[in-house]
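Below you'll find the structure, written out as structure tokens, and then a few comments.
The values are calculated or read from the model by the stated rules, or taken from the named source; none is laboratory data. Predicted model, so just to flag it, every value in this text is computed and none were measured. For neighbour counting, all protein chains shown are included, and Cβ atoms are generated from backbone atoms with ideal geometry for every residue, glycine included. Note: accessible area is taken over every heavy atom of the protein model, side chains too, but ligands, DNA and RNA are not part of it. Shrake-Rupley method; radii C 1.70, N 1.55, O 1.52, S 1.80 Å.
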Amino acid sequence: MGNYVGAPGSKMSRREFLAATGSTGALGLAGCAAPTQERVQTTQDGSSTPAVQDGSVPTTSPPEVVNVDEQGNAVTLKSVPSYHAAHPLETMGGPVELPRVWAFQADDRNPSVPGPILRTTEGEDMEVTFDNTDGMRPHTVHFHGVTKAWKDDGVPTTTGIQVNPGETHTYTIPANVPGTHLYHCHYQTNRHIEMGMYGIFRVDPKGYEPADREYFMTVRDWDSRLSRMMAGGDATYDPRSRQPDIFTVNGKVAPRTLHPEKGAPVIVSQGDQVRIHFVNGGYMSHPLHLHNHRFRRVEKDGGAIPEVAQHEMDVTNVAPAERHTIEFTADSDPGIFLMHCHKVNHVMNGGFYPGGMLTGIVYEEAMDTEIFSQLMNYAGYEA
């Protein structure tokens, strides 16, 4: 069990979460019937989707925030073949799985999809070592947003540098553009990103003032055929005829997105100033909509948006590789409000609605309720 709950960046402790739910109160109501799909879950190419981990590879964990400043401005990344359960249960159209991903691992932490959130401060140089000692294929690491030396761009076709199996390579990444950025493998990019090699790179400006609640959210569309093919399944993947069939928030689909430890709920309390960093790690645009909350987009792709150009909105359309930072006040009637892609077919698990690219803004004041207990039951949370 982790020490904190909620999406990455959360500072609500598990103890506080249990207190807010009444512990044996609301969560004790779990066990009510959860909506399930009566037919076998199938993918777009018609093959059934097994949800079995054979134990040959590790299972991914949720992405963690790595404060690189606190560890001497250095981090080591690896690519680890892993099993990834976007939602492991039969509730709400599950199970949904990616039987093989290539997960980024930072130092001695667990591998995750998305990869770890690498956080540093403006003016620092970050040393990123990619360790491919135990790898099976070449990789690179490419960082968006910041200005760096040619040799550190992470593109093998233009720098001549790739990290082959058995090798390590260190990139120097200056934190010279404040904002929220993206990193990913740039070797056979169409395949390696599809296999999960992407993550968030955050550069805090000097004098940065955190909000009351600050969260990182990566949305992603997947064609699960590649994952199943790489796991030895009966599937064929063609990047030119891509068929996305899984839509995730921080690697999970609803209802698993609402799991306080495995998912990505946005936990708030009445009156909080909330900041969310959205990143699109996939290949499709996603219009992200918040229920019952008006927000301002304050930053895009590492550029601060002048206050005169900001306006209240409830949908922001995030294109591939874009980063949008939004801010709002948690001033609604305390409850549970959805946050989701408004391409409604992206809010599905196979043929089941709702699911997919959907999570929620959860007020602490609403956690000690029967409906919250039901949602925790669907998500598979056990106190």
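Quick notes on this structure:
- Just one of the numbered conditions (1) assigned to a loop (DSSP other than H, G, I, E, B); (2) crowded, with 24+ Cβ neighbours inside 10 Å is not true of I267: (1).
- Condition broken by I246, with the remaining ones in (1) surrounded by fewer than 23 Cβ atoms within 10 Å (Cβ to Cβ); (2) touching an Asp or Glu at 6+ places or on another chain (Cβ under 9 Å) satisfied: (1)
- Among the residues listed as A321, A379, the single one being on the phi > 0 side of the Ramachandran plot, under 17 Å from the mean Cα position of the chain (by Cα) and in contact (Cβ under 8 Å) with a residue 60 or more places away in the chain: A321
- Evaluating V68 against the criteria (1) at negative phi; (2) modelled with pLDDT under 60 leaves one unmet condition, (2).
- Here N345 meets the list (1) under 27 Å from V5 (Cα atoms); (2) outside any loop (DSSP other than H, G, I, E, B) almost entirely, failing just condition (1).
- Matching residues, the stretch 220-243, being farther than 13 Å from G196 by Cβ, open to solvent by less than 50 Å² (accessible area, probe 1.4 Å) and in contact (Cβ under 8 Å) with a residue 60 or more places away in the chain: R225, R228, G233, A235
- If you go through the stretch 67-102 and keep only what is open to solvent by less than 30 Å² (accessible area, probe 1.4 Å) and either among the charged types (D, E, K, R) or closer than 16 Å to M197 by Cβ (or both), you end up with V75, L77, S79, V80, S82, Y83, H84, E97, L98, V101, W102.
- Residues that are small (G, A, S) and farther than 16 Å from F104 by Cα within the stretch 72-85 comprise just one, G72.
- Residue ID - modelled with the highest pLDDT, chosen from residues in the stretch 236-257 that are more than 13 Å from M284 (Cα to Cα) and hydroxyl-bearing (S, T, Y): T257
- Residue in the stretch 278-300 that is in contact with a Ser or Thr (Cβ under 9 Å, 6 or more places away or on another chain), polar (S, T, N, Q) and within 15 Å of R220 (Cβ to Cβ) present: yes
- Hey, T172 surrounded by fewer than 19 Cβ atoms within 10 Å (Cβ to Cβ), of a type in the set (S, T, N, Q) and out of contact with any Ser or Thr (no Cβ under 6 Å at 6 or more places or on another chain) or not: yes
- Scanning the stretch 250-262 for residues that are hydrophobic (A, V, I, L, M, F, W, C) and in contact with a Leu (Cβ under 7 Å, 6 or more places away or on another chain) yields a total of 2.
- Within the stretch 319-350, the set of residues being of a type in the set (D, E, K, R) and open to solvent by less than 50 Å² (accessible area, probe 1.4 Å) comprises E322, R323.
- Strands (runs of 3 or more DSSP E) lying entirely in the stretch 275-318 (those with 1 or more residues that are open to solvent by less than 50 Å² (accessible area, probe 1.4 Å) and farther than 21 Å from P210 by Cα): 286-290, 315-318
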